[in-house]
Amino acid sequence: GIYHIWHPSSRQASQKTVKGAEAVAQNSQILENDDSYIRNLKNWKYRPVDAPPLASVVISTRNRVNYLKEALDSIFGQTVQDFEVIVVDDGSTDETWEYLNSISDPRLVPLRQEGRGLAAARNLATHHAQADWIVIHDDDDLMRPDRIENHFKAVSAGIGATYGGWIDFENFEGGNVKVNTGRDFTPDAIRFEGSVYLHPTLMVRKDFMLNVPYDETFRSGSDYNLAQRLVRSGIKMKHMGSIAIMRRLHDKQVTHADSSYQRAS
């Protein structure tokens with residue numbers, strides 16, 4: 001048993017001031033009506049200085065600085081601002097590294113490796129991530145402004161990853177645009193049917209990414225390999241019910257530049 005020291009009701013005491021009553025009403029509203037993971041973190045007024053970020057956005061890049069600039073602009077314009085952005089420069093020979101170091105936003109974490117490949121770059125970012133959740137993004141894609149917010153709105157008990165649909169657009173004036181809604185997750189859909197999600201629409205718990213890292217022996221296809229191993233790990237994924245990214249289609253994509261290796265993988 002325990003000894004309980006009697007004291008006046010804290011709820012009654014809070015009603016004696018306008019601010020106290022407003023705080024109780026706000027917390028009651030959140031408790032009764034908002035079952036999301038994010039709750040009131042969209043506008044966290046009193047964030048502790050030592051609190052980890054809500055999400056770690058991770059990007060691997062190589063020699064695509066102009067696309068990277070637009071990708072970062074779309075990230076820093078999110079409705080939820082409590083995040084870090086880890087960008088791994090995989091041996092670029094253009095001005096990527098100089099550009100990253102010119103950004104003053106403290107949320108940006110630039111890392112560099114010497115051409116070890118996409119899978120190794122993504123694993124490096126995972127190990128540096130401070131958040132419990134990792135948002136996967138590509139250096140040539142654009143986030144919808146509410147992407148991170150919608151990821152967390154979809155999180156509930158037992159969910160290890162959330163994902164969304166995507167819009168393909170050809171990177172030239174008058175290019176085609178195609179909406180891909182994605183599909184509900186099932187292990188069979190991942191194994192046999194496809195079009196469930198696009199890898200850079202994923203947000204995954206960091207502990208899953210540490211336990212099931214990218215296979216660095218894959219030159220292409222490490223994302224599909226990861227999906228198969230995540231399924232075998234028993235992860236539960238949930239569609240967040242909205243579009244996550246705009247995917248840029250261009251001739252420097254792996255799909256075009258390294259298509260034979262991608263198909264073999």
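Here is the figure for region 196-214: residues that are open to solvent by 20 Å² or more (accessible area, probe 1.4 Å) and either in a helix (DSSP H, G or I) or touching a Ser or Thr at 6+ places or on another chain (Cβ under 9 Å) (or both) total 6. Scoring GLY174 on the criteria (1) at pLDDT below 95; (2) in contact with a Gly (Cβ under 7 Å, 6 or more places away or on another chain); (3) farther than 20 Å from VAL87 by Cα; (4) small (Gly, Ala, Ser) leaves a single failure, condition (2). The one condition from (1) open to solvent by 20 Å² or more (accessible area, probe 1.4 Å); (2) in contact with a Lys or Arg (Cβ under 9 Å, 6 or more places away or on another chain); (3) part of a loop (DSSP other than H, G, I, E, B); (4) farther than 30 Å from ASN33 by Cβ that SER156 does not meet is (4). In the set (1) open to solvent by 10 Å² or more (accessible area, probe 1.4 Å); (2) touching a residue at least 24 places away in the same chain (Cβ under 8 Å), the condition left unmet by SER102 is number (2).
Here is the figure for region 221-243: residues that are without any contact (Cβ under 8 Å) to a residue 60 or more places away in the chain and not basic (Lys, Arg) total 10. Scanning region 144-153 for residues that are farther than 17 Å from ASP184 by Cα, open to solvent by 10 Å² or more (accessible area, probe 1.4 Å) and touching a strand residue (DSSP E or B) at 6+ places or on another chain (Cβ under 8 Å) turns up ARG144, ASP146. Considered as a group, the residues in region 115-129 that are surrounded by fewer than 17 Cβ atoms within 10 Å (Cβ to Cβ) and modelled with pLDDT under 95 include one that is farthest from TYR214 (Cα to Cα), and that residue is GLY115.
Can you pull out every residue in region 163-195 that is open to solvent by 30 Å² or more (accessible area, probe 1.4 Å), under 19 Å from PRO145 (Cα atoms) and either aliphatic (A, V, I, L, M) or in a helix (DSSP H, G or I) (or both)? Answer for region 163-195, where residues must be open to solvent by 30 Å² or more (accessible area, probe 1.4 Å), under 19 Å from PRO145 (Cα atoms) and either aliphatic (A, V, I, L, M) or in a helix (DSSP H, G or I) (or both): VAL177, VAL179.
The values are calculated or read from the model by the stated rules, or taken from the named source; none is laboratory data. Just so it is clear, the structure is predicted and the values come from calculations on it, not from any experiment. All Cβ positions, even for glycine, are placed from backbone atoms using ideal geometry, and neighbour counts span all protein chains on display. Only protein heavy atoms, including side chains, enter the accessible area calculation; ligands, DNA and RNA are left aside. Shrake-Rupley method; radii C 1.70, N 1.55, O 1.52, S 1.80 Å.
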